[in-house]
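Only one structure is covered here, and it is reproduced in the block below.
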Amino acid sequence: MHHLKLIIEKDIELAHLIDLLIEMDTDFVPRLSQRVSLNEYAKKLIKLSNIWVAIIDNKVIGFISLYCNDPLKKIAYIPVIGIKPEYRRQGIASLLLNKTIKYLKTEGFESLTLETWEGSSAQYLYENFGFIILEKVSDRGIETLSLKMKLWFGNFENVTIAPTTSTEFLKNISFNLDVNFFVKHDELFPCFGGGNKARKLFTLLKKIKLKIIMLL
């Protein structure tokens, strides 16, 4: 494991950030350069976001960008996180994410959102941190689905889900807790005793307990 020094660097040089984005371009699905100009995107990140930079031997090897310009709603957003290929699987992304979360807590934010794609290695990293899937969206022009994810770490009394219909409500809960509320067969619920509603409620409560443990 390399010696790692993390610093908050708002004034990262544009050329360095562009180089990182170019090197990580093919990691995105689809490629980031197919959706935005990497040069313009780098300028936007430097101007509008906070950037935590991972440095090893005086070389920038990764970064995380954070939009936290909505203090009233207390919601922050991570547009991008990336590590150079030769430095991956060493816990650096986790250190950057931890740094970000600690900062948001000290600033009074209560939740953090981000987006990745289904089946990515990033998805499992975020789930290990307690992020849950709010929505799956087909917006990448390919079969891969986008995952909109969220982590709560503030006042849970403010956590609300406001779907437009009862069906949307059930879809949200199904995604978040991995419980299929549209199943009508008792044999698909792994417990004995009671009817369909009792089995569904029992399974739901178990899922909620696991999610609460992950969020604490």
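The values are calculated or read from the model by the stated rules, or taken from the named source; none is laboratory data. Here the structure is a predicted model, which means the values were calculated and not measured. Note that each Cβ is placed from the backbone with ideal geometry, even for glycine, and that neighbours are counted across all protein chains shown.
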If you check Thr100, Thr144, which single one turns out to be among the polar types (S, T, N, Q), modelled with pLDDT of 90 or more and assigned by TED's automatic domain parsing to the domain that holds Tyr67? Thr100
Is it the case that some residue within region 17-27 is under 15 Å from Ala93 (Cα atoms), surrounded by 15 or more Cβ atoms within 10 Å (Cβ to Cβ), charged (D, E, K, R) and modelled with pLDDT under 90? yes
Using the structure shown, decide if Phe169 is outside the structural domain of Tyr67 (by TED's automatic domain parsing), modelled with pLDDT under 90 and over 21 Å from Arg35 (Cα atoms). yes
Residue hits (region 46-93; crowded, with 17+ Cβ neighbours inside 10 Å, aliphatic (A, V, I, L, M) and closer than 22 Å to Leu151 by Cα) are Ile51, Val53, Ile64, Leu66, Ile75, Ala76, Ile78, Val80, Ile81, Ile83, Ile92, Ala93
Checked region 25-47 for anything outside any helix (DSSP H, G or I) and either in contact with a strand residue (DSSP E or B) (Cβ under 6 Å, 6 or more places away or on another chain) or at positive phi (or both); matches are Val29
Condition check: without any contact (Cβ under 8 Å) to a residue 12 or more places away in the chain, out of contact with any Pro (no Cβ under 7 Å at 6 or more places or on another chain) and in a helix (DSSP H, G or I). Does Lys73 satisfy that? no
Selection over region 115-146 where residues are touching a Lys or Arg at 6+ places or on another chain (Cβ under 8 Å) and hydrophobic (A, V, I, L, M, F, W, C) yields a count of 7
By residue number, the members of region 94-108 that are over 17 Å from Met149 (Cβ atoms) and exposed (fewer than 15 other Cβ atoms within 10 Å of the Cβ) are Lys102, Lys105, Thr106, Glu107, Gly108
Test of understanding: among Leu112, Leu104, which residue is in contact with a strand residue (DSSP E or B) (Cβ under 6 Å, 6 or more places away or on another chain) and in a helix (DSSP H, G or I)? Leu104
